[in-house]
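Undergrad: Below is one structure. I have some questions about it.
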Amino acid sequence: MVLLDLGASENDESTIAEVAGQAQSLEARVRSAELSRMLSGPVDHANAIVSIHPGTGGNDAKDWAQMLLRMYLRWAERRGYKTEIVDYQEGDEAGIDGASFSISGDHAFGYMRSENGVHRLVRISPFDANARRQTAFAAVEVTPDIEDEIDIVVKDEDLETTTMRAGGKGGQNVNKVETAVRMKHIPSGIVIVCRAERSQHQNRRMALKMLKAKLYEIEMQKREEQAQAAAASKTQIAWGNQIRSYVLQPYRLVKDLRTSHQNGNVDAVLDGDIDDFIEAYLLAAAGGTLKKGGVAEEAEAP
C-alpha cells in the first residue's frame, strides 16, 4: 500500500504497474492456497473415473450426453490432464448411449467430484421438425481411481463375468473376437462393461478397477450421508434432480443450482471452461453453504 501511495502521489506509472503486478501474483498465491485447503479430502488427490449416461429426452438426451463428454475432455485437455476412453456406446440415431473415461492428473477427482449429478439442457431441438424447445437430461457419475491405495476385496465367487464382441467401427475382425467384458458384482448388483481395450485381459482388468472404485464410492457416500444427516438442520438444502442447467433458448445461461454461480457465455462453458463452476462448488462445500440441487424453475432472461 505504501508503494502504491507513493506511485500515485508522484504519478509514477512504472511504480503503479509494479504494484499491480505484485498484487496479481499475491492474488494467485492466495487462490492456490485456498484451493489446496478445499482439495484436502482423503481421495481428492486421486485420478478420476467419469461415466456419462443420457436420461429423459430421447435423441436430445443422447446428443446432450455426447456434448458433456466433449466438454469434460476439453476441460481435461486445458489442464494438461491425460484422458483415456474406457467405454463408448454410440447411439442408434444420435449422440451416445453411454461413455466412461479416466482422467489422470493432480487432484483430478478433487476437481471432478463437483460434476457428479444430473445436468439439464434446454434448447431448440435439432431433432424436432417443428423446431420446438426441448429439455434433456444426462447423468454424470464421478468416482476416484483408488485401486492402488485402498484395499477393496472382491471375491471371485461374487463376480459374474461374461464376454461379448466389442462391436462398433473398426477392422474386419472387430466383431469376430469376444474382447469386451461385462462384469457383475452380485452382492451390490453393480454392472461394469468395458470394451475399449483390444484384449479381453485388458478389459477385464479395467472393469475390475472400475468396480473397486464404485464399491469404494458407495462406502464413502454412506459415511457422507451420515455426516449430512447430523448437519441437516444447519445446511441449506434444496431437494430435486439436477445440479446444473444449461439454457440455450429462449436466453443463454448456465447456472449451478447448488451454488447459484452462473455464466452467460454458454459456448465457452461447453468448450470446457468450467473452472469457475468447480471452484464455486469447492468454496461452498468447504464453507458449508452448498445446496443439494433441485428442480429448476424457468428463470427470467438475464
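The values are calculated or read from the model by the stated rules, or taken from the named source; none is laboratory data. In this text, all values refer to a predicted model and were calculated from it rather than measured experimentally. So basically every Cβ, Gly included, is an ideal-geometry build from the backbone, and we count neighbours across all protein chains shown. Ligands, DNA and RNA are excluded from the accessible area calculation, which covers all protein heavy atoms including side chains. Shrake-Rupley method; radii C 1.70, N 1.55, O 1.52, S 1.80 Å.
Undergrad: Can you say whether residue 57 is touching a residue at least 40 places away in the same chain (Cβ under 8 Å), more than 24 Å from residue 221 (Cα to Cα) and in contact with a helix residue (DSSP H, G or I) (Cβ under 8 Å, 6 or more places away or on another chain), as far as the supplied structure shows?
TA: Criteria met by residue 57.
Undergrad: Within the stretch 66-83, restricting attention to residues that are in contact (Cβ under 8 Å) with a residue 40 or more places away in the chain, out of contact with any Leu (no Cβ under 8 Å at 6 or more places or on another chain) and open to solvent by 10 Å² or more (accessible area, probe 1.4 Å), which residue is farthest from residue 213 (Cα to Cα)?
TA: Here the answer is 78.
Undergrad: Within the stretch 244-280, count every residue that is closer than 13 Å to residue 115 by Cβ, touching a Lys or Arg at 6+ places or on another chain (Cβ under 8 Å) and open to solvent by less than 30 Å² (accessible area, probe 1.4 Å).
TA: Counting residues in the stretch 244-280 that are closer than 13 Å to residue 115 by Cβ, touching a Lys or Arg at 6+ places or on another chain (Cβ under 8 Å) and open to solvent by less than 30 Å² (accessible area, probe 1.4 Å) gives 7.
Undergrad: Hey, does the stretch 127-136 have a residue that's in contact with a Gly (Cβ under 9 Å, 6 or more places away or on another chain) and within 19 Å of residue 278 (Cα to Cα)?
TA: Looking only at the stretch 127-136, we keep the residues that are in contact with a Gly (Cβ under 9 Å, 6 or more places away or on another chain), and these are 127, 134-136.
Next cut, within 19 Å of residue 278 (Cα to Cα) only: none.
The answer is no; no qualifying residue exists.
Undergrad: Name every residue in the stretch 35-60 that is in a loop (DSSP other than H, G, I, E, B), open to solvent by 50 Å² or more (accessible area, probe 1.4 Å) and under 14 Å from residue 139 (Cβ atoms), in order of residue number.
TA: Within the stretch 35-60, just 56 meets the criteria.
Undergrad: Just to be sure before I move on: is residue 63 among the acidic types (Asp, Glu), assigned to a helix (DSSP H, G or I) and in contact (Cβ under 8 Å) with a residue 60 or more places away in the chain in the structure I sent?
TA: yes
Undergrad: Of the conditions (1) touching a Phe, Trp or Tyr at 6+ places or on another chain (Cβ under 7 Å); (2) farther than 24 Å from residue 131 by Cα; (3) among the small types (Gly, Ala, Ser), residue 57 fails just one. Which one is it?
TA: (2)
Undergrad: Sticking with this structure for a sec: Within the stretch 84-108, how many residues turn out to be assigned to a helix (DSSP H, G or I) and either hydroxyl-bearing (Ser, Thr, Tyr) or open to solvent by 90 Å² or more (accessible area, probe 1.4 Å) (or both)?
TA: Applying the first criterion (assigned to a helix (DSSP H, G or I)) to the stretch 84-108 yields 108.
Filter again for either hydroxyl-bearing (Ser, Thr, Tyr) or open to solvent by 90 Å² or more (accessible area, probe 1.4 Å) (or both), leaving none.
The total comes to 0.
Undergrad: Can you report the number of residues in the stretch 109-145 which are among the polar types (S, T, N, Q), modelled with pLDDT of 90 or more and assigned to a loop (DSSP other than H, G, I, E, B)? Write out each step before concluding.
TA: Just the residues of the stretch 109-145 that are among the polar types (S, T, N, Q), to begin with: 114, 116, 125, 130, 134-135, 143.
Now drop any that are not modelled with pLDDT of 90 or more, which leaves 114, 116, 125, 134-135.
If we keep only those that are assigned to a loop (DSSP other than H, G, I, E, B) too, we end up with 116, 125.
Matching residues across the stretch 109-145 total 2.
Undergrad: Turning to a different aspect of this structure: Taking residue 233 as the residue in question, decide whether it is in a loop (DSSP other than H, G, I, E, B), at pLDDT 85 or above and surrounded by fewer than 13 Cβ atoms within 10 Å (Cβ to Cβ).
TA: No; evaluated as a whole, the condition is false for this residue.
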